[in-house]
Each structure stands twice: as C-alpha cells, then as structure tokens.
2 protein chains.
Amino acid sequence: MRFELLQQDDTSRLGKLHFLRGEIQTPVFMPVGTYGTVKTMTPDDLESLGAEIILSNTYHLMIRPGEEVISSHQGLHQFMAWDRPILTDSGGYQIWSLSTKRTINDDFVEFDSPVNGDMIRLTPEIAMRIQKTLGSDIQMVLDECTHYPATKDEAYVSMKRSEKWAEKSFQAYEDLKDDSDSAIFGIIQGGMYSDLRLENLDFLSSIDFDGLAIGGLSVGEPLAERMEVLETLLPQMTQDKPRYLMGLGKPIDIIKAVEVGVDMFDCVIPTRHARNGQIYTHSGVLRIRNAQYTNDIKPFDEQCSCYSCKNFSRSYVRHLFNCNEILGARLATIHNLYFYLGLMENIRDAISKHCFKEFAKSFIENYQQ
Amino acid sequence: MRFELLQQDDTSRLGKLHFLRGEIQTPVFMPVGTYGTVKTMTPDDLESLGAEIILSNTYHLMIRPGEEVISSHQGLHQFMAWDRPILTDSGGYQIWSLSTKRTINDDFVEFDSPVNGDMIRLTPEIAMRIQKTLGSDIQMVLDECTHYPATKDEAYVSMKRSEKWAEKSFQAYEDLKDDSDSAIFGIIQGGMYSDLRLENLDFLSSIDFDGLAIGGLSVGEPLAERMEVLETLLPQMTQDKPRYLMGLGKPIDIIKAVEVGVDMFDCVIPTRHARNGQIYTHSGVLRIRNAQYTNDIKPFDEQCSCYSCKNFSRSYVRHLFNCNEILGARLATIHNLYFYLGLMENIRDAISKHCFKEFAKSFIENYQQ
C-alpha cells in the first residue's frame, strides 16, 4: 500500500491509498460486509455505487464459514466476488461486544461462539494468520477494546495489553507477509484519557505500521468526550500515514472527524438503518414506515440521483416495508450507501476547493440529527 | 393486444403477444410479483434476466397498499417502476386459498382480510375496476376456483357461477375500456370433469375474450388427471388466441403442457423455492443448505451463465443462507428465474426448429424430479 497526501484544507486532508486492487480516495467511507456480504448488495451493486473498499469482520468469518472454506476459495475476494480492496478488523471489538463468556490474559483471549457455544481461542498470531487467509488488503492488529466508562487504571491495563498484542501482531504479520501489497494498521486505545491516548500513540508510532486507527470510540461516550480524544490525538499523528476512526458514524460525526484530520471511516449505520427503514437525506433521517408516507409519491430525497430515488416513491418503499418485502431493505440500502458515499465525495470536493469549513457548516445547518 | 401464431411443431406452438408496452414471445413464463415486486428483484434485475411480462395479484394489492395508493401512481407500472406488460389475476383463487371466512353467491363474494380481518366484498365489476386502476395489460375475469376433489355436482354449480361472473366481468371490462391495448382473458373451470370443461369452454368461446386461461389446476390433482383435462381441452381451443395455464409449475409440468399447446405460464416456484434454498439446474433441484455444499467451490450449475453462477460458489451461497443473509435469497432467485426463462427460450428454439419432442425427451431424461 502506498498513501499519498494530496492536499490539506486547514486540518482536513485529501489523499489516496494505492493498492494493486485499486485506488481509494480519502476521506473514505467503507461499507461493512460482516459475513462477506454488504447486506442485500451484490458486488456489482457496490461497484455501481462507487464503493472503493469494504470492511469485513474476522470474528464473524472465523466462526462462519470458517478459515478452511475461505482458504478453499483463495481468500475472501474470490469467496464474495469482490475484487477491490478489503479491510478486515481483527475481532477484538466483537469479542467484547458479542461474546458473553471470555477469558483474557496477555497471551490469548478465549470466548464462546455465539453460533454453537464452542470456546474459541484467539491470539495476535491467530488473528493475523486468519486475516492472511482472508487475503485482506488492510489488516488490523488484535486489540482489546476498553469498555466505557472505564477508570484510568482499567484503561491503562487494557491499553498495555493492546500494546503487547500490537507488537506480536506486527511480528506475526511480517512473518507471514508475501509479495502482496497488503498493509497493517495499529489501533490506538487508552479510553477517554488524553495522556493514555498520547502514550499509546507514542508506543505505536515506534512500530512501522502502514497506518493507525483510533479504536475504543463510538462505545457510548458523548460527542464532547470523543472530540476531545480526537483533538488531542490528531495533531500528534504523523502526516504521512492514513488515520482511520473505527466504527463511526452518523453523517455529522463523520464531518466533525474529517475536520480534525481523519481519513477513513466504517460503520454499519447506513446499511443497518436502511433495513429498519431509516433513510438518510440531506435534511436528516426519514422513517419510511411512518403512516405519513402511505400515499407520498415523492422519492426519498428530491435532490438524490440514486437508483431508488430515480425510480420509486416513498409510498412504494413504505408498502414494501409494510409487506416485509426484501426489496424494501435493498432499495433503502442502495439509497443510504449512495448518500454516504456521495457525502464523502462532497467532503473531498470541498477539501480540494479549500472550502471544507463552509461545506461542513452548510451541511450541518440543513441536517436535522 | 394482438396475438400472432408464428409456428407449430405438432401441437406445441410458437407465438407472440404484441402490446404497446412490449412484445412477449410465447411459450412464456411470467415471474410472480404478488405485492408489486418479484421478491428480491428490482425491475432492472428482471429486465436483465429477460422477463417480458410479470404477473401481479389483485387480491393482495387491493388489501395492501389498496386501490387508492396505486391510483395516485397512475397504476401499478409506475408504482413498481416496471414498464413492460403486467398480467393480473382477479383474486378468485386467493379468496379460496387464503381467506378463512367467505360468503359467496352469484352476485358477490365476501371474505376476511388476512391483514386486519376486515370483511371485503368483491364482485366481477369491482375486480375489473381494480384491474383497470392497476393498469393491467392482461386482466382476468373473476372466477370461483373449484376445490379439489369436488363431486361433479359441486364442480357444475361452481362452474355455472364462474360463467355468470365471466359474462359480468367481460361487460364491466368493456364498460371501463379506454384506448389502451389491454386484453381480457376468460378462465375455464369445471374441475376434473372433461364434459364440464368442454361445456365451459364452449360457453366462454361465445364471449369475445382475447385469450383463455385454464384455471382450477395445480390444486393437488395427480399429473395424469391434469394431463387428461389439458388433452381434452387443448384440441378444442381456438388456434388464434393465446392459452394460459394458471399457476403451473415445475419444469417438467411446463414442458408437458407446452407439448399439448399451452402458451403462457406463471408460478411462484422459481422465486419461492429460491428463498428456501432450492436451486433449479438442468439435472434437477439442488438444496443449497445441505452440508455437502459447505466447501463446494463449483457454481450452482456448471452449464449456467447467470450472474450468480458466473460469480459465486455453492459454498458461498450456502454460507449466505446459513447466516440468513438476504443476498442468498437474491442470488438463488436470479439463478432460478434465469433457469426458468432460459428453459422457455430453449422450448421456443426447439419448436422453431421442429424438434420440440426430442428436446422434451432429452430434458426429462437428464432431469431428476
């Protein structure tokens, strides 16, 4: 991977990630394809929408279908027929959010499979081996996601464990690396404590990661706390590597993070909310199941040119949701991803024209959270 | 509508239905879009698959979203963004198969809505008015579907009621007709009794319908009984109008019906079975959820060129079904419709080359029911 910083507008950044599998323009939003599918979408749909990279989840894929099946397909790209880059998380976050029984120490984490209750062991080495089998273009170190709220002592212990795992993950990644142009990112932890975050950044900067992610945010903290962590960290992070804020977020969250210099995002919101009938528009979220749309022949968003808006009324999509028709979830997903990817395009355009702050202000003024 | 009989190969027929909205090559299979959506498919998907006409259900659409909503969209075509022809049934069959409380006499049928229990009244006049509102290209008379098994007396009484309704439906259709090129089809009933079927055909032939359908089959009768009805009826039906066998069927059922001269088919099998993981191939049905496909990297059908077969393995689609991923239902639907529409293309090709019997024999030999 090669990262190219093209331009800055104050602290917001325009860049490119170069992979053999394709270029990625940053700031980028990565649709989430947990089980090797961005829910309801074919790879062709995603390409039409302009997605340049997707995220998939190591934790889910190691449970179903398992490493062996994906290995038989020479990796996740062929398994899911997606030939552009893929970023995979390491499973650390899901172990905390999805498993109910866990044993954790500096050497490994053991957790119960939510599918059949089997105990599964993950080490930094295993996490990297699986990501190698997946053929992931951007691989993430195994980390421990610090819970929220956490005392400073808890956050410190957790962070120190993540540091050990980051070192081991990097070593395992180097040992497994072949001639592919894959990348490995470290993950900054430290809870909501600025000094811990900076200490962790310092430590991770001493390892030759291709990029750094900010983990442990979007775990329930207020926006002000999150922004404090970001505003502490970002100015201290090197300019020449990409910065990835994990698991965020709503449109305004993304805009605020771009403003302080974040380059990469992923989130289930546009796809998950689509399946619940929450439609993102330039003026805010529209709940398509509401009775007020029963006979509304307007599209979701009159400013939108997506396939759904060009062809279907709110009334039709409400009818589909009302009848539990799968096409409803699909049309909503197409629209929400188009909206998110379009938002990123507008963000990049504004940065390139040195008017990001004006763009952000105008977007936020029009948008009802 | 204009019907053109292009060629015959023994009793099998090659033809064309001409509409302003497009041409339909017969024998044709019509995918079913009950609620104004062929489940999991966009109209673009259907066009790519080569569907020239779809079927939709008056009964379902009158309940949800209701006539008023579709009227606001100037009809079903605009509501669902499908600009090729649509055939709508009249609701008769669904009243029998889906409602639990019914009152029926020669003037009307009343039944309970499966959505909210409301009593709904349907008359031939209302059934035709709704189909007019839907903007249906081929409209079906209201009929009473004779249950199976039925005594000859029961079948006779039921058939006589359908005759009255057919007359009233035709009159209502004529009264409502504007300058569109829509068509109206009568429906032959009479249970499994050949003499009743012929009497009913004789009656319906005296009305100027654009085509005739054979109803009351595929209701649980053995193949031999069904074929007897078809073999009795078809030779007596006029050559110059299309013949439509309602609600059928599996691939071999279709082939056998084409052999005796049927032109049009509809069935939920390819789409409904797809969502249950039953995949139609030239050698029979493959149940993709089976464990044997866990690590099978072959496509559904190695002879198939559909999007699903060109891109995905059985293993991947099994994984999607295993994780309840919507994309699984969609990839299976794409394949099954491609298979059915491809089967019809092969049938037409064989008729045009005067080798339909050889085609049918070879297909059936390779196919495990």
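Observations on the model:
- Neighbour-count order for A:ILE255, A:ILE104, fewest beta carbons within 10 angstrom listed first: A:ILE104, A:ILE255
- Label-point distances for A:ARG272 to the equivalent site in the other copies, using a point 7 angstrom along Cα→C-beta, read 3.5 nm when ranked shortest first.
- With Cα atoms, 0 to 90° folded angle of helix B:152-176 axis to chain B main axis: 80
- Built amide H within the under 5 Å cut-off of B:GLY33, gap 5+: B:LEU55, B:SER56
- Restricting region B:172-238 to GluC sites (Glu not before Pro) in coil, as DSSP defines it, with at most 15 other Cβ within 10 Å: none
- Comparing B:LEU134, B:VAL229, B:CYS355 along the charge dipole axis of chain B, the residue lying farthest to the positive side is B:CYS355, per the Cβ-charge model.
- Based on the convex hull around the alpha carbon atoms, region A:73-133 presents an average projected area of 4.9 nm².
- Taking the Cα atoms of region B:176-277, the ratio Rg/Rh between the radius of gyration and the Kirkwood radius comes to 1.00.
- Normalised by 2.2 N^0.38 Å, where N is the number of residues, the C-alpha radius of gyration of the protein assembly as shown stands at 1.11.
- Sorting A:ARG330, B:ARG129 by the number of Cβ atoms found within 10 Å of their own Cβ, with the fewest placed first, yields B:ARG129, A:ARG330.
- Two-site label geometry, B:GLU228 and B:GLU110: point separation in nm, points 7 Å out along Cα→Cβ: 3.9
- With contacts taken as Cα pairs under 8 Å at a separation of at least 6 residues, region B:269-369 carries a relative contact order of 32 percent.
- Computed [θ] at 222 nm, helices only, for the protein assembly as shown once each DSSP H run of length n ≥ 4 contributes -39500 (n - 2.57): -13000 deg cm²/dmol
- For region B:200-207, Karplus couplings with θ = phi - 60° (6.51, -1.76, 1.60), whole Hz, Gly/Pro x: 5, 4, 4, 4, 5, 5, 7, 9
- Folded to 0 to 90 degrees: helix B:326-352 orientation relative to chain B principal axis, Cα: 70
- GNM top mover of B:MET30, B:MET119, B:MET227 - chain B, alpha-carbon springs below 10 Å: B:MET119
- Max mean-square fluctuation residue, GNM over chain B, Cα-Cα springs under 10 Å, options B:ASP263, B:ASP179, B:ASP349: B:ASP179
- Across chain B, C-alpha contacts under 8 Å between residues 6 or more apart give a mean separation that, scaled by the residue count, equals a relative contact order of 17 percent.
- GNM top mover of A:ASN324, A:ASN116, A:ASN200 - chain A, alpha-carbon springs below 10 Å: A:ASN116
- Amide H partners (placed H, <5 Å) of A:GLN7, local residues excluded: A:LEU14
- Take the Cβ atoms of A:ASP179 and B:ASN324, set R0 to 51 Å, and the FRET efficiency comes out at 0.85.
- Kirkwood estimate for region B:269-369, i.e. one over the average of 1/r between Cα atoms, Å: 14.0
- Ordering B:MET264, A:MET128, B:MET344 from the fewest to the most neighbouring beta carbons within 10 Å gives B:MET344, B:MET264, A:MET128.
- Residue and distance (whole Å) for the chain B Cβ nearest the axis that superposes B on A: B:ILE326, 3
- Base-10 log of normalised Debye intensity for region A:2-267 (one unit scatterer per alpha-carbon) at q = 0.12, 0.13, 0.16 Å⁻¹: -0.68, -0.81, -1.29
- Other-chain or far-sequence residues with amide H under 5 Å of B:ALA183's (modelled H): B:ILE138, B:GLN139
- Per-residue HN-Hα couplings for region A:117-126 [Karplus 6.51, -1.76, 1.60; θ = phi - 60°; Hz; x = Gly/Pro]: x, 4, 7, 10, 9, 10, 10, x, 5, 5
- In this structure, the pairs whose alpha-carbon distance is over 25 Å, taken from A:LYS177/B:LYS310; B:LYS250/B:LYS361; A:LYS132/A:LYS241; A:LYS16/A:LYS132; A:LYS39/A:LYS310, are A:LYS177/B:LYS310.
- For A:SER97, inter-copy separations between label points set 7 Å beyond Cα along the Cβ vector come to 4.2 nm, shortest first.
Laboratory data are not the source of any read-out in this text; all were calculated from the coordinates shown. None of the values given here were measured: they were computed from a predicted structure. For neighbour counting, all protein chains shown are included, and Cβ atoms are generated from backbone atoms with ideal geometry for every residue, glycine included.
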